[in-house]
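Asks: Below: one structure in structure tokens.
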Amino acid sequence: MYDSLEALMTRAQSTGTPVWQLVQADDCREQNITPEASFAEMRGMYDAMRDTLAQYDGKLRSASGLVGGAGEKMQRRRESGRLLSGGFLGLVMESALKISESNACMKRVVAAPTAGSCGVLPAVLLSTQRELELDDAVMVKALYISAGIGGVIACRASLSGAEGGCQAEIGSASAMAAGGLVFLLGGGAAEIANAAALALKNLLGLACDPVAGLVEVPCVKRNVIGAVNAVTAADMALAGIESRVPPDEVIDAMRAVGRAMSASIRETGLGGLAATPTGARVRQKMSM
């Protein structure tokens with residue numbers, strides 16, 4: 001697994017090898033499998049993401065009753081044509097809600113990179129495929145790029161809310177989605193890394209403060225923010241707007257910020273939104 005986005009992107013540029021293929025080759029070495037087997041495995045993950053979205057049930061509610069139905073509401077609003085953000089971003093928001101709600105309702109999801117951030121990457125990729133009518137093979141290649149970005153973040157920092165706050169979950173997912181989206185829109189290695197940095201920078205310091213310790217509030221709606229943030233980061237990168245802090249340094253900064261965070265805002269359910277009067281009432285109700 002690569003521990004540096006600079007190393008990964010420089011290798012792609014110096015050898016002329018597509019970024020996705022470098023990540024795939026790394027996966028083949030780690031798992032001792034063929035490229036065909038690796039591609040089939042990644043294709044299975046993408047199919048599972050699509051199935052999760054397709055099988056969303058707006059009538060389902062989580063065991064706590066805190067989550068459910070928001071994706072259906074967003075769908076109705078989008079279909080009415082009343083979203084100021086427009087149809088594509090509306091679809092991204094709707095998909096992020098539906099997939100992350102499915103996680104809270106105990107349906108099958110793909111941890112991307114975690115269950116709590118499972119709606120970000122699929123929402124961006126699936127919506128883009130629908131918008132641009134892309135074939136599945138291209139989408140799987142984008143998924144390799146997203147996985148490569150996630151792998152670097154895992155090596156240099158963390159993907160765990162308990163260790164690094166929600167910046168490590170939603171922030172990482174947003175960076176992964178931004179890089180994959182740039183690839184789908186024709187960007188090269190430099191733009192891919194830059195988009196990941198821009199997306200991650202925007203979410204530095206994000207607390208992990210689940211109400212009653214459940215991966216529901218505010219987690220589900222943060223998936224929406226992470227997905228939309230990824231789209232804006234990709235658009236900026238493709239416009240030639242650069243992160244003044246190099247991508248690897250942004251990841252290192254995320255690690256440092258996570259270590260500086262109080263334990264109360266690192267998935268313990270003791271600080272932030274979890275410590276509000278409403279959060280306390282929900283926690284008390286859930287404990288009864």
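Coordinate-derived values only; no laboratory data. What you see is a predicted model; the values in this text were computed from it and never measured. Please note: Cβ atoms are built from the backbone with ideal geometry, for glycine as well, and neighbour counts cover all protein chains shown.
Asks: Between a first residue in segment 75-100 that is free of Cβ contacts under 8 Å to residues at least 12 places away in the same chain and surrounded by 12 or more Cβ atoms within 10 Å (Cβ to Cβ) and a second residue that is in a helix (DSSP H, G or I) and not basic (Lys, Arg), which pairs have beta carbons less than 6 Å apart while being 6 or more apart in sequence or on different chains?
Replies: LEU83/GLY90
Asks: Given the structure, is LEU204 part of a helix (DSSP H, G or I), of a type in the set (A, V, I, L, M, F, W, C) and touching a helix residue (DSSP H, G or I) at 6+ places or on another chain (Cβ under 8 Å)?
Replies: no
Asks: Within segment 226-254, work out how many residues are assigned to a helix (DSSP H, G or I), among the β-branched types (Val, Ile, Thr) and either surrounded by fewer than 19 Cβ atoms within 10 Å (Cβ to Cβ) or free of Cβ contacts under 8 Å to residues at least 40 places away in the same chain (or both).
Replies: Qualifying residue count, segment 226-254: 1.
Asks: Would you pick out the residues in segment 59-88 that are in contact with a helix residue (DSSP H, G or I) (Cβ under 6 Å, 6 or more places away or on another chain) and in a helix (DSSP H, G or I)?
Replies: ALA70, GLY71, MET74, GLN75, ARG78, PHE88
Asks: Could you count how many residues in segment 101-115 are buried (at least 24 other Cβ atoms within 10 Å of the Cβ), within 12 Å of the chain's Cα centre (by Cα) and of a type outside the set (Gly, Ala, Ser)?
Replies: Residues that pass the stated criteria total 1.
Asks: Moving on to the next point. Take the residues in segment 255-288 that are among the polar types (S, T, N, Q) and under 24 Å from the mean Cα position of the chain (by Cα), then tell me which one is surrounded by the most Cβ atoms within 10 Å (Cβ to Cβ).
Replies: THR268
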